[in-house]
Amino acid sequence: MKEIRDFWYDFVKFVRLRKSNLPSPKENGGNQEKAKKTRVIIELSHNEARDFFLKEKSYFSFDLPNYFTFQKLLNKIAKVIRGKEIQSFYDRDVKSPRNVEAVNYKFLNNKDGKFAWRPFQIIHPVIYVSLVHKITEERNWETITNRINELTSNNEIQCISLPVESDNYLSDKAALINTWWESVEQKSICLALKYEYILHTDIANCYSSIYTHSIVWALHTKEVAKNNKSNSQLVGNIIDWHLQDMSFGQTNGIPQGSVLMDFIAEIVLCCVDYELSNKLKEMGVVEYQIIRYRDDYRIFTNNPYSADLIVKNLTDILSIYNLQLNPQKTFSSDNVIKNSIKQDKLYYILNPSRGKSLQEHLIYIHDLSYRYPNSGSVDKALTKFFDRIEHTNKVKDDSILVLVSILVDIACINPRTYPISSAILSKLLSLIKSEDNKKELIKDIINRFKNLPNIGYLEIWLQRVTLKIDDSILFGETLCNKVIDETNSISLWNSEWLLQTSELNKILKNTVIIDKKIIEKMNRVIEDSEVKLFGSKHIS
C-alpha cells in the first residue's frame, strides 16, 4: 500500500509540474486560437505539401548552426526543375545518378558515446527537389493521402508521427514533439482507465532496413506493384527509383535526416499497422489499443497473453518488410500509468536539482546522464542549466575548469546534447578573461573529444564554439571545411551524372550554403534561439 501511495503522490507532483511548464495564454501572445492551427501533412493540398517539403527545415531535420542555409539553393533548383523530368538534365555518358557513388552527402553522428553511430544524410538537392515535385503533383498527392487515410482507418492502431505543419509560434519540429506529448504520453495515461497492461517495443535500425520496393507495395498493394514494375506513372515506383538514384542503386535503406524521408517511412509503417489490424480482426482480437510514434510501439491490453499475441503477429508482418523488433527495447508492465511516462522524464521531474551552486547543478545532470544516457531529460536539464548561466557575468577561472570538465564528460556519452552542450561551453569560455588560457582550454576540449569515434556532427558544433575565438582551428568534417572555404570549391554532393553545362550544375557550383553575414554578426556565445525548440518555460 505504501508503494502505491508513494507513486500516486509522485504522480500528482508530476502533473502539477507539467502544468506549470506549459505556455500561458500571455506567453502565447494571448492567441490561443492560433495555437490550434497545426495540421497533419496529409491535410495539406498538393501545393501546400510542396511548399512544406521545400522548406529548409524539412530538407534536413537535424540541428546545424544557423549559418548553414540551403533555402536559396532549394528555391533556385525548384524554379528550374518545375514541370520538367530530372532525366532531361542527365549526362548521357553517365546515364543515371544511381551509377555513381556518394550522390548524397553523409556524415556520422556518434549514437551512444562509444562505438554505435548513425549516418545523417543531406540528400542531393536536385534529386530531393525532383522527388518533392513528383509526389506533390495533384494526382500523385491524392493517391498518397487517400492511401494513408485508408491505412490509418482503424482507431485501435493510431499513428501519431506523421509530419505536421505549424502555423503558430512553434516550429514544425517543435509542434510534432508537442503532439507526441499530447497524443502519446497523455493518451497512454488515460488508457489506464481501460487497460491493465502495457507493452513497449520498437523496430531495430528502422530507416536503414526499409526495403525501397516495399514503398510501392504499401502505396499500391503487392499485386499492383508486381504487375507495374516498369510503370513510370506509378507514384510508388517514382519514389523507389529516386531513392535508388541517391543510393548507388541500392534497395535496402532510406536516408535519415529529413522530414520527407520521415514521411516516406511512415507510408511503410502505416501499411504494417494496416496489415496488423486486419490480422487481429481475423483472429477475433478486439480488446486492445496501439499507439505508434515512428518506430516505437505502445501496446495496451488487459492481459499479457493478448499483448504477446499482438507482438507475435507484428513480428511476422515486419519480417515481410525486412524489418524486425528490437528485443533489448521490448518490455511490459502491469503498471500502465507509471510506464506511460518515460523513465528518464519521471526521474527528472520527481528528483529536480536541488544544488545551489553551478557545480552542484551540473553534477546532478552528470548523474542523470549516466542513469539515463542520451535521453531527452538530459537535454532538457542542460537547457535549464544554460538558462541559469546565460546572463552570468563572473565565475572563478578554477571553477570554470571544473564545470567544463563535467560538461565535456556529459557530452561524451550523450551525443544528442551536442548543440546545447556547445551553447553552455561557449558561455563558459566567454567567462575566461585570458585569450591564451581560453585557447589552451579549447585544445584540451578538442583532444578529449578526439577519443570518440564518428564525431562529424560534434565537430560541426565545436566549430561553432571556436569560430569567433580562433578561426584557424581545423576540423576533419567536410561541412566544417565548407565554412572556411572562401571559393565555394568544396562540393558536398557527387554531381557527375548531371550534364556539366546544365543550369542545375551551375546553380550547385555557384550558390553558397554558408551565410558569411551571419558568421560576422553572431556572438561568441551561442544564443538560445540557435539551439532551443521551445523556450525554457515550455520544456515538458
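The values are calculated or read from the model by the stated rules, or taken from the named source; none is laboratory data. Fair warning: this is a prediction, and the values are worked out from it, not measured in the lab. A quick note on method: Cβ atoms are made from the backbone with ideal geometry, for glycine too, and the neighbour counts reach across all protein chains shown. Just the protein is used for accessible areas: all its heavy atoms, side chains included, with ligands, DNA and RNA removed. Shrake-Rupley method; radii C 1.70, N 1.55, O 1.52, S 1.80 Å.
In table form, for the structure just shown:
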| item | result |
| --- | --- |
| Region 44-65: number of residues that are open to solvent by 70 Å² or more (accessible area, probe 1.4 Å) and touching a residue at least 24 places away in the same chain (Cβ under 8 Å) | 2 |
| Neighbours by Cβ (under 7 Å, 6+ apart or cross-chain): first from region 200-219, open to solvent by less than 10 Å² (accessible area, probe 1.4 Å); second part of a strand (DSSP E or B) | 201/297; 201/325; 203/325 |
| Residue within region 226-239 that is free of Cβ contacts under 8 Å to residues at least 40 places away in the same chain, of a type in the set (A, V, I, L, M) and assigned to a helix (DSSP H, G or I) present | no |
| Residue match in region 404-411 (condition: more than 22 Å from residue 530 (Cβ to Cβ) and either open to solvent by 40 Å² or more (accessible area, probe 1.4 Å) or not β-branched (Val, Ile, Thr) (or both)) | yes |
| Answer residue from region 370-399, given it is more than 19 Å from residue 532 (Cα to Cα) and touching a residue at least 40 places away in the same chain (Cβ under 8 Å) and is surrounded by the most Cβ atoms within 10 Å (Cβ to Cβ) among those | 373 |
| Selection status of residue 384, charged (D, E, K, R) and not in a helix (DSSP H, G or I) | no |
| Residues within region 454-479 that are over 21 Å from the mean Cα position of the chain (by Cα) and of a type outside the set (A, V, I, L, M), tallied | 9 |
